[in-house]
1. Give the long-range amide H neighbours of Ser78: residues separated by 5 or more places, or on another chain, with amide H under 5 Å away, using H modelled in the peptide plane at 1.01 Å from N.
2. Pull up the cross-link candidates among the lysines for Lys110, meaning alpha carbon to alpha carbon under 25 Å and not fewer than 8 places away within one chain.
3. Using the Cα centre of the range 327-377 as the reference point, and only Cβ charges (+1 on K/R, -1 on D/E), how large is the resulting charge dipole? Debye, rounded to the nearest 20.
4. Which one of Ala297, Ala328, Ala142 has the biggest mean-square fluctuation once the chain is modelled by GNM with Cα springs under 10 Å?
5. Can you list the GluC sites (Glu not before Pro) in the range 193-270 that are in a DSSP coil and have 14 or fewer other beta carbons within 10 angstrom?
6. For the pair Glu329 and Asn35, what calculated FRET efficiency results from E = 1/(1 + (r/R0)^6), where r is the Cβ-Cβ distance and R0 = 41 Å, to the nearest 0.05?
7. How much mean residue ellipticity at 222 nm does the chain get from its helices, if each DSSP H run of length 4 or more adds -39500 (n - 2.57) and you divide by all residues, to the nearest 500 deg cm²/dmol?
8. With charges set only on the Cβ (+1 for Lys and Arg, -1 for Asp and Glu), what does the dipole of the range 255-400 come to about its Cα centre, in debye to the nearest 20?
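The values are calculated or read from the model by the stated rules, or taken from the named source; none is laboratory data. What you see is a predicted model, and the numbers here were worked out from it, not measured in a lab. Note: ideal-geometry Cβ built from the backbone for every residue, glycine included; neighbour counts use all protein chains shown. When the accessible area is computed, the model is the full protein with side chains, heavy atoms only, and any ligands, DNA or RNA have been set aside. Shrake-Rupley method; radii C 1.70, N 1.55, O 1.52, S 1.80 Å.
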Amino acid sequence: MESNNNLPDKNGFFGEYGGKFVPETLMYALEELENTYNKLKDNNEFKKQFYKDLSEFVGRPSPLYFAERLTKHYGSGSIWLKREDLNHTGAHKINNTIGQILLAKYMGKKRIIAETGAGQHGVATATVAARLGLECHIYMGAEDVQRQSLNVYRIKLLGAQVHSVDSGSATLKDALNEALRDWVTNVDDTYYIIGSVTGPHPYPMIVRDFNSVVGEELIEQSKESFNTMPDAIVACVGGGSNAMGAFYPFININQTRLIGVEAAGNGLQTGEHAAPLNDGSPGVLHGALSYLMQDEAGQVKATKSVSAGLDYPGVGPEHSWLKDSGRAEYVAVDDDEALEAFHQVSELEGIIPALETAHAFAYLETLMKEFDDQSNIIVNVSGRGDKDINTVAEIDGIKI
């Protein structure tokens, strides 16, 4: 949870992005959360409990693994995998929820809510709520309930209630809308565990800080594994929590390129995608100013991605700042490329990646041509692909 720059500012802005654009009802709740976090983030007992839970319950640190066959396949540079898929619950989401549930406990909240797309954040939230015996409600788009049925059942097994959201495109955006409505109604006893570096301040900062354990470990593991900092870190970007957790500790390490990979869906040129940093413009969504997909009238556009976790029309405000400042690069790969990478990594490395992560792997086809044999490239493996087996099998025409 160490900080290495002074952003966001006191008003929650990363340059021109971020802020708090919410109903008056939520302003007190956000201020209460910010004050609590500022009080606890440098508290030794709080940090000790956070890292103890990450070690004993989540299983951190996650390994940095040399992908030998993938490296041979591309024939240049060395490819390393940061194995967030090995965390308890199967993705990076548990890191942030461990931290936020400690905040909820300190604040005396008895009821937990969250939104989820691919279901990994829903599972992680239900998991930490179960540990403390707290009532838990997960909002999930009806479309995602269908394509992520395994995670829906996991959430229910953990004692949480799943609310299927039919409005709009019935995906992550709409689940977040409903979770915010719930919070406005039940603000006194409810803690909202946001799952990404999105939403109003202080959430983008809090989620980033808790998940930056990934990048903190990478700095030490890079020294141990190849005695220098990596030449590049590649991570998929939807809302952006997995990428920001890896990127943040490296912002001032200029020798490391930071590369975020968005979902191009059917292709950027078709407009049927989920890539606001590549084909969007600044606007306000879910309480913050950031890049988003919107039409000329400012209405949010529908998104398209084979990956439920990337199927979101906005992105965290810090990513927007990193894009405009030039510190990070943002590219996009389409559904077909991601599916090809999903199969390739499964067969070459014995690792079935989440479809979200498969987007990061797919970009190696372009990226590795830019590096020589002395280079070290890290792919942040944000999650495992168990949850996506039904989706991929259906696309491949296989009944299971």
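1. Ser375, Asn376, Ile377
2. The qualifying lysines are Lys20, Lys39, Lys41, Lys47, Lys48, Lys52, Lys93, Lys156.
3. On the way: 2 positive and 13 negative charges, 45 e Å.
Value, rounded to 20: 220 debye.
4. In this elastic network of the chain, the residue with the biggest mean-square fluctuation among Ala297, Ala328, Ala142 is Ala297.
5. Details: sites: Glu216, Glu217, Glu220, Glu224, Glu262; in loops: none.
Nothing satisfies the criteria.
6. Efficiency for this residue pair is about 0.70.
7. -12500 deg cm²/dmol
8. Rounded to the nearest 20 debye, it is 440 debye.
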